[in-house]
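Shown next, in structure tokens, is the structure this report addresses.
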Number of protein chains: 4
Amino acid sequence: MSGSTLGTLFCVTNFGESHGPAIGCVIDGCPPGMQLAEADIQHDLDRRRPGTSRHVTQRNEPDAVEILSGVYEGRTTGTPIALLIRNQDQRSKDYGEIAQQFRPGHADYSYWHKYGLRDPRGGGRSSARLTAPTVAAGAVAKKWLGEKYGTRFRACMAQLGELEIPFESWEHVPRNPFFAPVADVQRYEDYMDALRKAHDSCGARIRVQATGVPAGLGEPLYDKLDADIAKVMMGLNAVKGVEIGAGFASVAQRGSVHGDAITPRGFESNHAGGVLGGISSGQDIEVSLTIKPTSSILTPRPSIDIHGAPVQVVTKGRHDPCVGIRAAPIAEALLALVLMDHALRHRAQCGDVAPVRP
Amino acid sequence: MSGSTLGTLFCVTNFGESHGPAIGCVIDGCPPGMQLAEADIQHDLDRRRPGTSRHVTQRNEPDAVEILSGVYEGRTTGTPIALLIRNQDQRSKDYGEIAQQFRPGHADYSYWHKYGLRDPRGGGRSSARLTAPTVAAGAVAKKWLGEKYGTRFRACMAQLGELEIPFESWEHVPRNPFFAPVADVQRYEDYMDALRKAHDSCGARIRVQATGVPAGLGEPLYDKLDADIAKVMMGLNAVKGVEIGAGFASVAQRGSVHGDAITPRGFESNHAGGVLGGISSGQDIEVSLTIKPTSSILTPRPSIDIHGAPVQVVTKGRHDPCVGIRAAPIAEALLALVLMDHALRHRAQCGDVAPVRP
Amino acid sequence: MSGSTLGTLFCVTNFGESHGPAIGCVIDGCPPGMQLAEADIQHDLDRRRPGTSRHVTQRNEPDAVEILSGVYEGRTTGTPIALLIRNQDQRSKDYGEIAQQFRPGHADYSYWHKYGLRDPRGGGRSSARLTAPTVAAGAVAKKWLGEKYGTRFRACMAQLGELEIPFESWEHVPRNPFFAPVADVQRYEDYMDALRKAHDSCGARIRVQATGVPAGLGEPLYDKLDADIAKVMMGLNAVKGVEIGAGFASVAQRGSVHGDAITPRGFESNHAGGVLGGISSGQDIEVSLTIKPTSSILTPRPSIDIHGAPVQVVTKGRHDPCVGIRAAPIAEALLALVLMDHALRHRAQCGDVAPVRP
Amino acid sequence: MSGSTLGTLFCVTNFGESHGPAIGCVIDGCPPGMQLAEADIQHDLDRRRPGTSRHVTQRNEPDAVEILSGVYEGRTTGTPIALLIRNQDQRSKDYGEIAQQFRPGHADYSYWHKYGLRDPRGGGRSSARLTAPTVAAGAVAKKWLGEKYGTRFRACMAQLGELEIPFESWEHVPRNPFFAPVADVQRYEDYMDALRKAHDSCGARIRVQATGVPAGLGEPLYDKLDADIAKVMMGLNAVKGVEIGAGFASVAQRGSVHGDAITPRGFESNHAGGVLGGISSGQDIEVSLTIKPTSSILTPRPSIDIHGAPVQVVTKGRHDPCVGIRAAPIAEALLALVLMDHALRHRAQCGDVAPVRP
């Protein structure tokens, strides 16, 4: 299978480029009979879309989704669900220079070496714009998992550059322009303003969680649940690290601490992050992502052009100074897609699972 | 595809249980014409096998591999290469108790909930013993990549419990029983001895590196090279975190620092870890793994039995007090399998790649 | 992988329903750098589209294709090529009755039992209209194989109902409204007119051929070239039989006759149909398909409704009295898609193949 | 996925060569909890194995199967089931000549062109001996489908060379050395004796049937049930044609005849062969295979050697004069593997199916 399809049974095939006529995806394998309309998908697209605050790219895209197939009289038919999003704010500009140079930290260099040519407009295929179809597909997965098992997904920012963000409450997240679980906004706005003024960018850490996950999902030996979660998260643009549960902290833990004690009422802690031996345990799935600083900055950087000659690259245009800010809904979607696929895979081999016990 | 096959074109199908008659794998898709003999595989199996020092499990397994197919007159024929390793030191003991209880931190609980039954002998399918066939398959991948592109793989321990291990030289690794890149051994032996005396276990961090990697490997949007690396590493027993390049440190980096400058002579740093936009850049691939402390310890832990009644679990038997110690050759093998698969995938779409330039 | 994707490396994901807003496909894995424009695809779509003679359905669809992605400045970039065809002549009518009944010989009954619901408008997903995206994708495969190896595809009608059609010349096919390799048209028009007057339908046999096929394509043991050809052909709407080379005639042949003699100048016959041991031999690929008579006829047939009550079903509307008439370009496309996929698979494992020698 | 794995969810990976140390397979994805022992598999292996009459190859292979994994205390655990069959009667002989020549009608020529080398001993990987692991895996599928849905499989010879075989009763098949559904044996023995005396071989036609098949199996658009059946059947050694239901006869049928009428008591005929729109209808699955005459004959045939020089090839050694004779149990196994895989795929998307109504 080629690389633009995600999933073994709930298969999402993504297409499009940042400045082409349209982006979208085809979802194949969705269970039939679920009520589905554009509005079910649009909500998450709106959470992800650009232009919602001054801290993200100012590109103006309504990201209105059209369902082209797979739904009849408001219900999924079990046939492929094609989702189409027309690009609208592709500014016409001269890409001649950018097409000839490799921006440091960008996919330009590696795409060029792989394919021998590339679509340079707005990053082409490597643009984070292509996470929109992923989010759309994730909304379908979330709906089915929610209705079938009561599974819920949420994500928040846990660190912005050097600023560790305390966890206050999930309730702050929808109102916080940084998806941070805090009431305070000023501290982060000031930080971002200073960064922008310095013509620089910063990284972020995102926490993602799924609750109400049935036990038993995951396919050892190689398609373990945590393996597939790590795959989709690391595959998200700019991610450089993924942790499950205690993650990197587990290096210095003792076995007598890390192994979550079990009682008749359930687990007493969740260092495992909801996955044991690569299979869900019924605990919350807990994932953490590291997102690198945006490579598109106004500060000049040394690089080379396609002929190997040295150049200084400055990336103008509309860019997110911290791509992590809009990553929360994307990370939720990715986690939902993995769980959806594994729910179907589990059902194939082992039969229908019971809903997780509260 | 079911979960015991790794790879899209260089496909490794793993089988076996810790205490069954045999373990092994079938490699399908290996290019024809490569010289291959058992000795090419045995070397890495010997590096991984138990019983090589007092700091790892004392189970005595020669792990002698037999090539059952796919090789004729010393060369691969392009047909499946079946590798067989007979289990020899499965001690007969009573698994009645362990079969009825869930060891905290173990796969017992989740396997039970997934399949409704499990092979409890030595952990059954969830045992780290099943990494042996992975290592064997990895040796085949290493050989082909080495001959074709000059790609080389190496791994070392970077942290043992709380002990950060300074990087002195790769040359120490083969002689160091902890796969540590240092001349000193005593510090780590003392640490492990104290741990064992405390009936406890600890985690580790492993660094893995591939050099001589061709640029252009990786299949966006979803099968990026770093995504597949993260998948196999997180899928390794006990791993809770994976980093590529600067990894978690990139959160607090600035874009002006993180994006590796390019000059006519090559990249000036490697924060990317050899992957840009999910495609190899030709730089060294740099990966770091977090391994949790072994769950099998002599310290009693609260748990439940299969009927939900509370029990205290003590795990006797032969176990690694730090599973990270033997992880270095496994991590190399996993990285080699991912690169091998992507080398073939790249060749399929884009034609033969040129060997990486020195 | 779900069922709407064809191919392992050159992956075509098909979507849409007969009367939904649009149909189309996403091609993932196309080699980069090939010149491609809508016109390259439109030609084959025009050969397949309805309304071209009075012997096929009178539905009026321009089947104009739009390339949504994967092409930049007239060349494929190696990223997914999304192709969109808007449905235009979906007549609004009452599908209430047809939605409640199972037409004999149709997919109604089995779709209902599989999914629990179905889109009844014009056959929904089971309509032969969904062969249009397949033909579009096939045109891309044909172009690449033609440029790379000189491979060419052609198909013709070999039998129409009881009428065996003599093979006169491939040159007649483009001008013959039945895709028959004969100058005569009248005989077949008379036959079809009588059939239509009788409110009935008939079957057909189609011959498909590929020339200029490199030797070495096919992946034993289970993905042999002939196996994959048989799969796509049998998967085409209404096909009930597939032959390769001598096909069913080989039952009564002797081994001394069937086994094609080889000389220094090449093979002396082609009973094998271009495939030996599941791998192409470099000879022409020869395939024959049996297509059943259209189930949609005006003659009343006994059936049941969704509640199990007996009904008499008459299928009105616009239908092909012989679906085989338009099958030739579809069969060519399917053969091209299989060869394309196997060309890439072969290149992955064995390296670039030399063009076939004339 | 490489070509030696069959199935999407019930995955059978086949390995081995005719004269290597062993052949076998790994079944991944088998549902857990089913009772399974070697005896369940051995029965079908014994039906297929050589040496059972003077009309098949005299190679003496017990084909004793060993279960290496995936079964604990007599039940499947859901983990891979590895099956091993040691080759025992590989006669040591000089393969020097055969290794340098291409036998007409054989895989020699195409394997050589694909891989650049081949294992010539007894046909190597292209030998029909590799159907033994397929039969073994099929026995596991048959058992599960039989217990779950009451599905049963049977096959018989329908034509031997020019001799059409009348269908008398399925009861004759187990006692007839040709798997023919007739009491008479003499007619077929005389035919085969004359053939052998003439140093020649003949083809055969095999009928395969599955009863008790649930409605709803099959994954349009490209993985239809009949498509996957055609694939596995055409992929069987020597098969040149596959029909479903009325098959080739449907060309000359009228739509008013072919479309099976439905009544409240069920279908009134089965021209469809149990598949409508690529999905099982609950009727019996009916398949017919054409098997070409064996290419290994004592009559000299013109060919070339690997240097392109003309040679006369005579194939000595132990060979089946009609490979169709032993094909019946293999065809049953292949049909079972397809239905098993589709049963799991259907369950994944649509939930557990009810057993078919009698």
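Checking C:Met234 against (1) within 30 Å of C:Lys197 (Cα to Cα); (2) at pLDDT below 95; (3) crowded, with 22+ Cβ neighbours inside 10 Å: exactly one of these is not met. Which one?
(2)
B:Arg59 versus (1) away from every other protein chain (no Cβ under 12 Å); (2) open to solvent by 30 Å² or more (accessible area, probe 1.4 Å): which is the lone unmet condition?
So the condition that B:Arg59 fails would be (2).
Quick check, is C:Leu195 more than 7 Å from every other protein chain (Cβ to nearest Cβ) and at pLDDT below 95? Full working, then the answer.
Working: more than 7 Å from every other protein chain (Cβ to nearest Cβ): yes; at pLDDT below 95: yes.
So C:Leu195 fits the description; yes.
In the stretch D:292-313, which residues are more than 7 Å from chain C (Cβ to nearest Cβ), in contact (Cβ under 8 Å) with a residue 24 or more places away in the chain and in contact with a Ser or Thr (Cβ under 8 Å, 6 or more places away or on another chain)?
Listed by number, the residues that qualify are D:Ser296, D:Leu298, D:Val311, D:Val313.
Only residues that are more than 23 Å from D:Glu332 (Cβ to Cβ) and surrounded by 16 or more Cβ atoms within 10 Å (Cβ to Cβ): list them for the stretch D:184-195, please.
Across the stretch D:184-195, the qualifying residues are D:Tyr191, D:Leu195.
Output the residues belonging to the stretch D:242-253 that are facing chain C (nearest Cβ under 7 Å), part of a helix (DSSP H, G or I) and among the small types (Gly, Ala, Ser). Reasoning before the result, please.
Here is the first cut: in the stretch D:242-253, the residues facing chain C (nearest Cβ under 7 Å) are D:242-248, D:250-253.
Filter once more, keeping what is part of a helix (DSSP H, G or I): D:247-248, D:250-251.
Result: D:Gly247, D:Ser250.
Please go through the stretch D:206-222 and pick out each residue that is surrounded by fewer than 24 Cβ atoms within 10 Å (Cβ to Cβ) and part of a strand (DSSP E or B).
Matches in the stretch D:206-222: D:Arg207, D:Gln209, D:Thr211.
Whether any residue in the stretch D:45-55 is away from chain C (no Cβ under 14 Å) and of a type in the set (Asp, Glu) is what I want to check.
yes
Anything in the stretch C:298-323 that is outside any loop (DSSP other than H, G, I, E, B) and closer than 22 Å to C:Gly241 by Cβ? List them, or say none.
C:Val323
So which residues in the stretch C:41-66 are aliphatic (A, V, I, L, M) and not in a loop (DSSP other than H, G, I, E, B)?
Correct list: C:Ile41, C:Leu45, C:Val65.
Return the residues of the stretch A:67-89 that are open to solvent by 60 Å² or more (accessible area, probe 1.4 Å) and outside any loop (DSSP other than H, G, I, E, B); say none if nothing qualifies. Write out each step before concluding.
Within the stretch A:67-89, the first condition is being open to solvent by 60 Å² or more (accessible area, probe 1.4 Å), and the residues that meet it are A:73, A:75, A:86, A:88.
Listed by number, the residues that qualify are A:Arg75, A:Arg86.
Does C:Thr8 satisfy the criteria of being of a type outside the set (Phe, Trp, Tyr) and modelled with pLDDT of 90 or more?
Working: of a type outside the set (Phe, Trp, Tyr): yes; modelled with pLDDT of 90 or more: yes.
Answer is yes for this residue.
What number of residues in the stretch C:176-205 are over 22 Å from the mean Cα position of the chain (by Cα) and not in a loop (DSSP other than H, G, I, E, B)? Even if it seems obvious, please write down each step before you answer.
So the first thing to find is which residues in the stretch C:176-205 are over 22 Å from the mean Cα position of the chain (by Cα), and the list is C:183-187, C:189-191, C:193-200.
Remaining after also requiring not in a loop (DSSP other than H, G, I, E, B): C:186-187, C:189-191, C:193-197.
Residues meeting the conditions: 10.
Taking A:Val239 and the conditions (1) under 29 Å from B:Lys114 (Cα atoms); (2) more than 7 Å from chain B (Cβ to nearest Cβ); (3) open to solvent by less than 20 Å² (accessible area, probe 1.4 Å), which numbered condition does it fall short on, given that it satisfies the others?
Result: A:Val239 passes all but (1).
With the requirement that a residue be of a type in the set (D, E, K, R) and open to solvent by less than 30 Å² (accessible area, probe 1.4 Å), what does the stretch A:90-109 give you?
Within the stretch A:90-109, A:Arg103, A:Asp108 meet the criteria.
Residues in the stretch D:1-35 that are more than 8 Å from every other protein chain (Cβ to nearest Cβ) and surrounded by fewer than 20 Cβ atoms within 10 Å (Cβ to Cβ): how many?
The number of residues fulfilling the criteria is 2.
Could you please let me know if B:Asp40 is more than 14 Å from chain A (Cβ to nearest Cβ), open to solvent by less than 40 Å² (accessible area, probe 1.4 Å), charged (D, E, K, R) and touching a residue at least 24 places away in the same chain (Cβ under 8 Å)?
On the way: more than 14 Å from chain A (Cβ to nearest Cβ): yes; open to solvent by less than 40 Å² (accessible area, probe 1.4 Å): no; charged (D, E, K, R): yes; touching a residue at least 24 places away in the same chain (Cβ under 8 Å): yes.
Considered against the rule, which asks whether it is more than 14 Å from chain A (Cβ to nearest Cβ), open to solvent by less than 40 Å² (accessible area, probe 1.4 Å), charged (D, E, K, R) and touching a residue at least 24 places away in the same chain (Cβ under 8 Å), B:Asp40 comes out as no.
Which of the residues spanning the stretch B:137-177 are among the hydrophobic types (A, V, I, L, M, F, W, C), away from chain A (no Cβ under 14 Å) and within 26 Å of B:Arg59 (Cα to Cα)? Walk me through it before giving the result.
Step one: of the stretch B:137-177, the residues among the hydrophobic types (A, V, I, L, M, F, W, C) are B:137, B:139-141, B:144-145, B:153, B:155-158, B:160, B:163, B:165, B:167, B:170, B:173.
The next check asks that each one be away from chain A (no Cβ under 14 Å); those that pass are B:139-141, B:144-145, B:153, B:155-156, B:167, B:170, B:173.
Across the stretch B:137-177, the qualifying residues are B:Ala139, B:Val140, B:Ala155, B:Cys156, B:Val173.
Among the residues of the stretch C:110-127, which ones are more than 12 Å from D:Gly278 (Cβ to Cβ), under 23 Å from the mean Cα position of the chain (by Cα) and part of a helix (DSSP H, G or I)?
Selection gives C:Arg121, C:Gly122, C:Gly123, C:Gly124.
Quick check on my filter: what residues within the stretch D:272-287 are open to solvent by 10 Å² or more (accessible area, probe 1.4 Å) and either outside any strand (DSSP E or B) or more than 27 Å from C:Ser4 (Cβ to Cβ) (or both)?
Listed by number, the residues that qualify are D:Gly277, D:Gly282, D:Gln283, D:Asp284.
Could you say which residue among C:Ser295, C:Ser256, C:Ser269 is open to solvent by 10 Å² or more (accessible area, probe 1.4 Å), part of a loop (DSSP other than H, G, I, E, B) and within 26 Å of D:Glu162 (Cα to Cα)?
C:Ser269
When you go through (1) surrounded by fewer than 24 Cβ atoms within 10 Å (Cβ to Cβ); (2) away from chain A (no Cβ under 14 Å); (3) in contact with a Phe, Trp or Tyr (Cβ under 8 Å, 6 or more places away or on another chain) one by one for B:Trp112, which number turns out not to apply?
Only one criterion is unmet by B:Trp112, namely (2).
The values are calculated or read from the model by the stated rules, or taken from the named source; none is laboratory data. These numbers come from a predicted model, not from an experiment. Note that each Cβ is placed from the backbone with ideal geometry, even for glycine, and that neighbours are counted across all protein chains shown. Surface areas here come from the heavy atoms of the whole protein model, side chains and all, with no ligands, DNA or RNA. Shrake-Rupley method; radii C 1.70, N 1.55, O 1.52, S 1.80 Å.
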